[in-house]
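The next block holds one structure in the form of structure tokens; read it before the comments.
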Amino acid sequence: MTARWPRAAEPLLGVFAVLALVHLGALLGGVPAVAQFTKPALMPVLTGYALARGGPPLLAGALLFGCGGDTFLQIGGDVAFLVGMGSFAAGHVCYLLLSVRHGARPGGGRRALTPALAAAYGALLAGTVVLLWPDLPAELRIPVAGYSLLLTAMAYGALRAGPWAALGGLLFLLSDTLIASGIAHWPQLPLPQFWIMLTYAAAQYALAEGVLRTLTGAARQPAPPPARTLPEAGIAKGRSTA
């Protein structure tokens with residue numbers, strides 16, 4: 001992986017960090033206008049950082065679908081919520097494709113995918129859906145269950161991209177579980193939006209960083225020696241017996 005605009009990567013990451021801090025500060029300070037303005041700006045800036053580092057289009061797509069989800073969830077109402085959830089789901093599909101295409105390369109953490117971990121993620125999914133199901137609005141139960149399945153698959157697949165991406169997948173699970181618990185009218189932490197956005201912004205950054213590091217590690221692997229053709233193999237054999 002070759003960085004496209006290496007000089008722009010660090011400044012863009014700095015802008016993302018500042019935006020995230022301003023957004024979180026606005027949530028803590030009760031300044032909704034600032035929070036609403038900064039929220040949809042987070043993922044485009046992080047996308048710029050990923051592209052400057054040479055990230056693939058699928059990674060840019062995953063982050064920009066996150067921007068779509070952020071935008072629609074701010075609108076409010078069931079229809080906007082479902083559209084936003086669909087946008088996030090499309091982002092998870094992008095992350096899944098990234099894990100399939102790039103996670104199995106050297107340095108991608110393939111050994112982490114064990115039956116025990118699969119069972120743990122499956123149990124986490126089943127337990128969350130079973131607990132939330134009775135308290136969710138009837139019209140949202142099936143969409144939330146389907147989305148939860150895709151989200152958990154993404155988090156599990158992220159294990160293939162190493163520890164950064166694995167952490168990002170877990171943080172995304174936590175962030176969206178906090179959202180779902182609010183929809184189910186469960187007791188919430190103080191300032192729930194702060195915790196949702198803190199874990200979400202950290203999740204997206206960790207996922208992007210994990211993918212970028214996996215691709216960088218794969219690019220540094222030495223190329224295998226070229227295979228000998230049949231005539232070359234015959235000559236080498238003749239030399240060894242001469």
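A few remarks follow.
- With Cα atoms as the point set, region 75-197 shows a radius of gyration and Dmax of 15.1, 45 Å.
- The protection proxy used here, the mean number of other Cβ atoms lying within 10 Å of each residue, ranks peptides 79-92, 153-166, 23-36 as follows, highest first: 153-166, 79-92, 23-36.
- Backbone phi angles across region 47-58, fed through the Karplus curve with coefficients 6.51, -1.76 and 1.60 (θ = phi - 60°), yield HN-Hα couplings of 4, x, 4, 4, 5, 4, 7, x, x, x, x, 4 Hz in residue order; Gly and Pro are listed as x.
- Averaged over its residues, region 9-51 has an accessible area of 46 Å² per residue, based on protein heavy atoms and a 1.4 Å probe.
- Model label zone, residue 4; criterion: amide N under 11 Å from point 7 Å along Cα-to-beta-carbon; scope region 28-70: 47-61
- Across region 174-179, computed HN-Hα scalar couplings (Karplus, 6.51 cos²θ - 1.76 cosθ + 1.60, θ = phi - 60°) run 5, 4, 6, 5, 4, 5 Hz from first to last residue, x flagging Gly and Pro.
- Highest mean packing comes first when the peptides 198-207, 138-147, 48-57 are listed by Cβ atoms within 10 Å, giving 198-207, 48-57, 138-147.
- Amide H contacts of residue 54: 4, 5, each under 5 Å away and 5 or more positions distant or on a separate chain (H built 1.01 Å from N in the peptide plane; Pro and chain starts excluded).
- The distance separating the Cα centre of region 7-23 from that of region 29-105 comes to 16 Å.
- Cα-based shape type of region 1-80, given that a ≥ b ≥ c are square roots of the gyration tensor eigenvalues and the cut on a/c is 1.5: oblate
- Counted residue by residue at 0.36 nm each, then reduced by the alpha carbon distance between them, the extension gain from residue 17 to residue 117 reaches 32.8 nm.
- A simple rule links phi to the HN-Hα coupling: the Karplus curve 6.51 cos²θ - 1.76 cosθ + 1.60 with θ = phi - 60°, which for region 197-203 gives 6, 4, 5, 5, 4, 5, 5 Hz, with x for Gly and Pro.
- About the centre of its Cα atoms, region 3-103 shows a dipole size close to 340 debye [charges on the beta carbon of Lys, Arg (+1) and Asp, Glu (-1) only; nearest 20 debye].
- Neighbourhood net charge (14 Å Cβ-Cβ; Lys/Arg +1, Asp/Glu -1) for residue 141: -3
- Judged by the mean number of other Cβ atoms found within 10 Å, the most tightly packed of the peptides 174-182, 63-71 leads the ranking 63-71, 174-182.
- Rg/Rh, computed from the Cα trace of region 30-71 with Rh as the Kirkwood radius, has the value 1.08.
The values are calculated or read from the model by the stated rules, or taken from the named source; none is laboratory data. What you are looking at is a predicted structure, and each value in this text was computed from that prediction instead of being measured. Quick reminder, even Gly has a Cβ in these numbers, built from the backbone with ideal geometry, and neighbours come from all protein chains shown. Side chains are part of the model used for accessible areas, which takes the heavy atoms of the whole protein and leaves out ligands, DNA and RNA. Shrake-Rupley method; radii C 1.70, N 1.55, O 1.52, S 1.80 Å.
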